[in-house]
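Chemist: Once you've had a glance at the structure underneath, I'll fire off some questions.
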Amino acid sequence: MLFDTTNLDVISIDTICETLNCSRNTAYSLLSEEPRPDRITAWKVGKRWKCSRAALDEYILRNSHLSYNH
């Protein structure tokens with residue numbers, strides 16, 4: 001096994017939309033395959049975007065007024 005996937009909760013664009021209460025277009029514009037502080041790190045499976053729950057949580061913390069330890 002290349003990496004440990006036991007804590008990898010993979011989510012779809014629909015979950016991102018529900019969590020952030022945003023449109024699909026907005027959610028797609030927030031995704032990036034390269035790690036960036038202003039984007040959610042994600043990857044494509046075929047034509048569909050996927051990301052980890054941890055990546056979404058990190059994005060929320062970075063872009064909110066909550067404390068975030070880098």
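What follows draws every value from the coordinates through simple rules; no lab data is involved. Computed from a predicted model, the values in this text were never measured in an experiment. Counting neighbours? That spans all protein chains shown, and the Cβs are built from the backbone with ideal geometry, glycine included.
Chemist: Using r as the Cβ-Cβ distance of W43 and S23, and R0 as 30 Å, what FRET efficiency do you calculate, to the nearest 0.05?
Modeler: For R0 = 30 Å, the calculated efficiency reads 0.90.
Chemist: Just to be sure I understand the model, the point goes 7 Å from the Cα along the line to the Cβ. What's the resulting R36 to D57 distance in nm?
Modeler: Distance between label points: 2.5 nm.
Chemist: Students often check this: by mean Cβ neighbours within 10 Å, which of 49-61, 8-20 ranks highest, and how do the rest follow?
Modeler: For the peptides 49-61, 8-20, the packing ranking is 49-61, 8-20.
Chemist: Could you go through segment 13-29 in sequence order and give the Karplus-derived ³J(HN,Hα) for each residue, using 6.51 cos²θ - 1.76 cosθ + 1.60 with θ = phi - 60°, rounded to whole Hz, and x for Gly and Pro?
Modeler: 4, 5, 5, 4, 4, 5, 5, 8, 6, 9, 6, 4, 4, 5, 4, 4, 5
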